[in-house]
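Asker: Have a look at the structure that comes next, please.
The values are calculated or read from the model by the stated rules, or taken from the named source; none is laboratory data. Everything quoted here is computed from the prediction, not taken from an experiment. Backbone-built Cβ (ideal geometry, glycine too); neighbour counts: all protein chains shown.
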Amino acid sequence: MRHITKTYPGVKALDDVSISFKKGEVHALVGENGAGKSTFIKTIAGAIHPDSGEICIGGKTYPHLNPKQAIDLGVAVVYQELIQFEAMTVMDNLFMGMEGIDGMFINDKIRAERTQQMLDSFHCNVRPTDLIRDLSIANRQIIEIIKAVIRKAKIVIMDEPTAAITVEEQETLYKIVKELKEKEVTVIYISHRLDELFEICDRVSVLRDGQYVTTVNITDVDKDGLIALMVGRELTETYPKKPPCSDEVVLKVEHLSGNGLEDISFELHKGEILGFAGLVGAGRTELMHLIYGAAKAKDGKMTLRGKELHLKSPADGQKAGIGLVPEDRKFQGCFLDKALYWNTSISNIDNIGKGPFVDTKEEMKQAEIFKKRIRIKTPDMKVKAGTLSGGNQQKVVVAKMLAPKPDVLIFDEPTRGIDIGARAEIYGMMVALTQEGNSILMVSSDMEELLGMSERIVVLHEGHQTGTLNREEFSQEKILTLASGL
Amino acid sequence: MEEIKKNKAKQGRSIGAILTDLSMPIMLVVLIAIFSILNKNFFTQLNLTNILVQNVHIAVCSCAVMMIMVSGGTDLSIGYQMSVAAVLVAKLLSTGKVGVFPAIVLGILVCMALGTFNGVMGHVLKSHTMIVTLGTMAIFQGISYLISDSKNIHNLPNAFMYLGQGRLFGFLPLNVVIMAVIVVIVAIIMGRTKIGRKVYAAGDNPEAARLAGLNVTRIKILVFTFAGLLVGIAAILMAARAGSAESGTSGPGIEFTGITACVLSGVALKGGEGTLWKVIVAVFVLGVLSNGMQLLGVGTYPQHIARGAIMLLSLYLSNRAPKKA
């Protein structure tokens, strides 16, 4: 039984939060971005010291923990962005910093044997001598969990473990969570995917704006109830109503191949949101890169507004009238340590100002227009993009792509890592864009989002197109079946 | 109460940020003040002009280093690029068969070619330019010694030396004027033009820049070409001031002075960040430091130690202040 209280006067990232975790339970921690989940787990892990409050673990009380202390007490964290020694082997990662495995010198044989045992017991199909950087995200997560188990962790914290892994891998992860539970390990599980909580959790605690809301048994609540607790209000309609698109074909893709894809064909109508479903590795992002010109097509034909496209680079794609809002905001979309106006103008920089010079007044003017048009919440377009919330960063990336005035916009995972309130705004923005005459291709791993936003859905499986569904045919089961290649 | 506290904290932070921001000018003023007190010959027109004149080629080179670093690259071959250009121009001039102007143009063109070679190799080999230029440095070194035959080349025509030693209106050193013009041009390119903006983008986040429709490869190669142009000019200014050129001393080592100045002034090693005027100030911090110590009679080796200490001190200063407001 543990009891944790913390207060942060200055920033109030956590305001007098008390949550107790039982031995051997799977306890979910939910809340929108900025609710204080990360701060909370960091205090348990000893990464930050609370201003006040105390942490009780196993009957002992601590005002704060240091990382070493936390580890000794049996706290292990599987962070969302995994911190591992990428160029080292699985076994070296597992035993890093541990003593008493072998003698003074490293005995690879003993290490490999023990690693193999652990890997087997976790149904993890990798070799002890594989390099971490060659593993999939899911397997890397499992390695972190094994690491926790080897260190006899009593509390395992998982921060969004399913954010980047496939459906099958999720099943494996759920199984592991259940096994941990049987071993009397407390699992603290943070996730934006509410569905999975009902599958694996016992209790769920809700945080909102740094404050503790409540803890409920998962059986006593449904998803709408949970969302209501998280946002503090009933979200009656997450997905905006969208007027139907016209019959006019904007983009026609015929037998497109290349970049791991084969024979993809579809039509995009003016004002349409066309969804793309598939598991990780199905080639959805790769397809978008083909259409945008970020990868080269081997075969096939693309026609935009009656003109055949021959794209060799993203610049060509942009010139033709296509814009891409990439999957990874931090590494592909935003220039985080540059100002917002800088971000919104970079794609269109050649058209801002005469001759070789940038017209900074014009640049600022256009940035302000974008701020109003897609409602970027910031006091000033001069602040750095990295200081904004995920949702607003995403809007900045959209503004960057809108600057060259495209006809077709590609949204690759438009709301990944964005909290529910901000999602609704992104959705509203997307619908508004279609009303302005843009057409949208949307890749998403979020089933609800696909079903809620798309007018039709193209399903991919390992580089092949396995189906195209109209709204009337939409169902989770159908999409999953097609996506699994069955 | 809390509001006031917050405001105060905010102010404190911004003062810290300003200090970080102006650490180089402050260091320059402090060094000048210290040396002026310690030696009466330091703060004289003659000596200050000397400092300017002696650092002209370093400042021009640092412009090149800064552009390359902002674009996300590193160039270790700059010193030997200079060396090639200097001995080539000097050799051509010493024969007396080639005119001053064609020789200079040829020297600059060769440097641009060498720079472009660096950029293209970085792209073709898909390696970091630091490693690529470690290789090309050796190549350029060989070329330079082949041209000079390990000899000091002197007897250069007066018209050429005027570039490095001449005075406009009898007092304004011509090479300092050339440097000022180049610095202003590079500052405008990096700060005010579209291509400058693209260079920052390509260095800050190459993948985002590529997906934003920029031709990152072309931008990076272009930066190396332009850097070659600057290095060529620096080589000529140096040879013209010295009145001679030698493979081993005309240039080599300057890449590290340039990188030092850039790092001191906050040019990010990963690219995408940096301000030119600060780099130039940092060049003169280093210049004042070595000049002042020379006047004080400090030997060469203690000078190295002092230079390293200054570098570590400024790293301490810039990392102490919180970077994000």
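Asker: Any idea which of A:482, A:450 is assigned to a helix (DSSP H, G or I), in contact with a His (Cβ under 9 Å, 6 or more places away or on another chain) and surrounded by 21 or more Cβ atoms within 10 Å (Cβ to Cβ)?
Answerer: Exactly one of A:482, A:450 is assigned to a helix (DSSP H, G or I), in contact with a His (Cβ under 9 Å, 6 or more places away or on another chain) and surrounded by 21 or more Cβ atoms within 10 Å (Cβ to Cβ), namely A:482.
The rows are residues; the columns are (1) touching a strand residue (DSSP E or B) at 6+ places or on another chain (Cβ under 8 Å); (2) farther than 30 Å from residue A:290 by Cα; (3) within 14 Å of chain A (Cβ to nearest Cβ).
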residue: B:186; (1), (2), (3): no, yes, yes
residue: B:205; (1), (2), (3): no, no, yes
residue: B:216; (1), (2), (3): no, no, yes
residue: B:231; (1), (2), (3): no, yes, no
residue: B:245; (1), (2), (3): yes, yes, no
residue: B:253; (1), (2), (3): no, yes, no
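Asker: Here is a further query. Sort out which residues of region A:432-446 are outside any strand (DSSP E or B), buried (at least 19 other Cβ atoms within 10 Å of the Cβ) and touching a residue at least 40 places away in the same chain (Cβ under 8 Å), and write them in order of number.
Answerer: Scanning region A:432-446 gives A:434, A:438, A:444, A:445.
Asker: Another question about this same structure. Do any helices (runs of 4 or more DSSP H) entirely within region B:138-245 hold 2 or more residues that are exposed (fewer than 15 other Cβ atoms within 10 Å of the Cβ), and if so, which?
Answerer: Helices (runs of 4 or more DSSP H) meeting the threshold: B:158-165, B:174-192.
Asker: Of the conditions (1) farther than 21 Å from residue B:237 by Cα; (2) in contact with a Lys or Arg (Cβ under 7 Å, 6 or more places away or on another chain), residue B:132 satisfies every one except a single condition; which number is it?
Answerer: (2)
Asker: Could you pull out every one of the helices (runs of 4 or more DSSP H) wholly within region A:318-422 that has 3 or more residues that are under 25 Å from the mean Cα position of the chain (by Cα), farther than 17 Å from residue B:207 by Cα and not hydrophobic (A, V, I, L, M, F, W, C)?
Answerer: A:390-402
Asker: From the set of residues in region A:328-341 that are more than 17 Å from residue A:405 (Cα to Cα) and more than 10 Å from chain B (Cβ to nearest Cβ), which is surrounded by the fewest Cβ atoms within 10 Å (Cβ to Cβ)?
Answerer: Top of the filtered list is A:339.
Asker: Looking at region B:181-195, is at least one residue within 21 Å of residue B:249 (Cα to Cα) and hydroxyl-bearing (Ser, Thr, Tyr)?
Answerer: We begin by selecting, within region B:181-195, every residue within 21 Å of residue B:249 (Cα to Cα); these are none.
No: region B:181-195 contains no residue that is within 21 Å of residue B:249 (Cα to Cα) and hydroxyl-bearing (Ser, Thr, Tyr).
A quick yes/no check of all residues on (1) more than 27 Å from the chain's Cα centre (by Cα); (2) closer than 23 Å to residue A:451 by Cβ; (3) away from chain B (no Cβ under 14 Å):
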site: A:218; (1), (2), (3): no, no, yes
site: A:244; (1), (2), (3): yes, yes, yes
site: A:253; (1), (2), (3): yes, yes, yes
site: A:277; (1), (2), (3): no, yes, yes
site: A:288; (1), (2), (3): no, yes, no
site: A:294; (1), (2), (3): no, no, no
site: A:313; (1), (2), (3): no, no, no
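Asker: Of everything in region A:296-311 that's charged (D, E, K, R) and assigned to a loop (DSSP other than H, G, I, E, B), which residue is farthest from the chain's Cα centre (by Cα)? Step through it out loud before you land on a result.
Answerer: Step one: filter region A:296-311 for residues charged (D, E, K, R), giving A:296, A:298-299, A:301, A:305, A:307-308.
Now drop any that are not assigned to a loop (DSSP other than H, G, I, E, B), which leaves A:296, A:298, A:305.
Values: A:296: 27, A:298: 30, A:305: 33 Å.
Per the stated criteria, the residue is A:305.
Asker: Within region A:158-267, which strands (runs of 3 or more DSSP E) (wholly inside it) include 1 or more residues that are over 30 Å from residue A:440 (Cα atoms) and modelled with pLDDT of 85 or more?
Answerer: Hits in region A:158-267: A:186-190, A:203-208, A:211-217.
Asker: Given the residues A:47, A:13, which is the only one that is hydrophobic (A, V, I, L, M, F, W, C), at pLDDT below 80, surrounded by 15 or more Cβ atoms within 10 Å (Cβ to Cβ) and part of a loop (DSSP other than H, G, I, E, B)?
Answerer: Selected residue: A:13, the only one of A:47, A:13 that is hydrophobic (A, V, I, L, M, F, W, C), at pLDDT below 80, surrounded by 15 or more Cβ atoms within 10 Å (Cβ to Cβ) and part of a loop (DSSP other than H, G, I, E, B).
Asker: Still on this structure: Out of the residues in region A:342-371 that are β-branched (Val, Ile, Thr), surrounded by fewer than 24 Cβ atoms within 10 Å (Cβ to Cβ) and out of contact with any Gly (no Cβ under 9 Å at 6 or more places or on another chain), which is farthest from the other protein chains (Cβ to nearest Cβ)?
Answerer: Of the residues in region A:342-371, the ones β-branched (Val, Ile, Thr) are A:344, A:346, A:349, A:352, A:358, A:360, A:369.
Still in the running and surrounded by fewer than 24 Cβ atoms within 10 Å (Cβ to Cβ): A:349, A:352, A:358, A:360, A:369.
Restricting the remaining residues to those that are out of contact with any Gly (no Cβ under 9 Å at 6 or more places or on another chain) gives A:349, A:352, A:369.
Details: A:349: 5, A:352: 8, A:369: 19 Å.
Once the filter is applied, the top-ranked residue is A:369.
Asker: If a residue must be crowded, with 22+ Cβ neighbours inside 10 Å and without any contact (Cβ under 8 Å) to a residue 60 or more places away in the chain, how many such residues does region A:249-281 contain?
Answerer: Selection size over region A:249-281: 2.
Asker: Tell me the helices (runs of 4 or more DSSP H) entirely within region A:50-155 that contain at least 3 residues that are closer than 30 Å to residue A:210 by Cα and not acidic (Asp, Glu). Give the steps one after another, and end with the answer.
Answerer: Working: elements: A:67-72, A:90-95, A:108-121, A:137-150.
Filter on region A:50-155 gives A:67-72, A:137-150.
Asker: Six or more apart or on different chains, Cβ under 6 Å: which pairs go from a residue in region A:368-391 that's in the same structural domain as residue A:334 (by TED's automatic domain parsing) and of a type in the set (A, V, I, L, M) to one that's assigned to a loop (DSSP other than H, G, I, E, B) and surrounded by 16 or more Cβ atoms within 10 Å (Cβ to Cβ)? Could you list them?
Answerer: These pairs meet every condition: A:385/A:334; A:385/A:336.
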